[in-house]
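What follows is a set of notes on a single structure, which appears directly below.
A short reminder: the numbers here are calculations on the coordinates, not readings from a lab. Model, not experiment: these values are computed from the prediction. A quick note on method: Cβ atoms are made from the backbone with ideal geometry, for glycine too, and the neighbour counts reach across all protein chains shown.
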Amino acid sequence: MYSIPFKLKVLNAIDKDSLSFSQACLEFNIPTKSVIMKWQRNYKKEGIVGLNIKPRGKPKSMQFKRAKKKSNKPLTREEELLLENESLGAELDLLKKLQALIQQEQNKKQKP
């Protein structure tokens, strides 16, 4: 988009020459005055750092995790037990949540 020196040049011209945002748009060939207003707001709030281009969209760190590839090798006894343990833990969590919901519904019925 626009470089930091260009943004500073526009903001300085507005201050020194008492240009309006519309006049600055015409002089520097900027499509809308809201762009300049945003630069000015960011510059007053954060200084030159505020004029940096901020990336849009989802951050790179938010990428999804890929599923582990299944291998053709048979599982060791330890791996089988770990998988079974994980499965039983998930089942137990589900049952606890179900029990809590049932209890919550029963409490609602008792309190008219």
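How big is the chain by Rg and Dmax over its Cα atoms, in Å?
30.2, 80
Would you mind checking the tilt of helix 33-46 against the longest principal axis of the Cα atoms of the chain, expressed as 0 to 90 degrees and rounded to 10?
Approximately 70 degrees, to the nearest ten.
Need the full-extension length gain, residue 110 to residue 23, defined as separation in residues times 0.36 nm minus the C-alpha distance. One decimal, nm.
On the way: separation 87, 0.36 × 87 = 31.32 nm, distance 7.09 nm.
Answer, rounded to one decimal: 24.2 nm.
Gain in length, residue 48 to residue 92, computed as 0.36 nm per residue apart minus the alpha-carbon separation, to one decimal in nm?
Extra length available between residue 48 and residue 92 comes to 10.4 nm.
Helix 4-16 against the longest principal axis of the chain: what's the angle in degrees, Cα atoms only, rounded to the nearest 10?
Compared with the principal axis, the helix lies near 50 degrees.
Once fully extended, how much extra length lies between residue 84 and residue 16, figured as 0.36 nm per residue of separation less the alpha-carbon to alpha-carbon distance? Show your work: numbers first, answer last.
Details: separation 68, 0.36 × 68 = 24.48 nm, distance 7.31 nm.
The span from residue 84 to residue 16 would gain 17.2 nm if fully extended.
When ranked by the protection proxy of mean other Cβ atoms within 10 Å per residue, highest first, what sequence do the peptides 48-56, 17-25, 3-11 form?
The packing order, highest mean first, is 3-11, 17-25, 48-56.
Taking 7 Å along the Cα-to-C-beta vector as the label spot, tell me the residue 37-residue 4 distance in nanometres, rounded to one decimal.
Placing both labels 7 Å along Cα→Cβ, they lie 2.6 nm apart.
Mind pulling the angle between the C-alpha long axis of helix 77-110 and the longest principal axis of the chain? Nearest 10 degrees, somewhere in 0 to 90.
So the helix axis and the longest Cα principal axis differ by about 80 degrees.
In the structure shown, do any of 73/96; 9/38; 33/54; 73/97 have a Cα-Cα gap over 25 Å, and if so which?
Checking Cα-Cα distances, 73/96; 73/97 exceed 25 Å.
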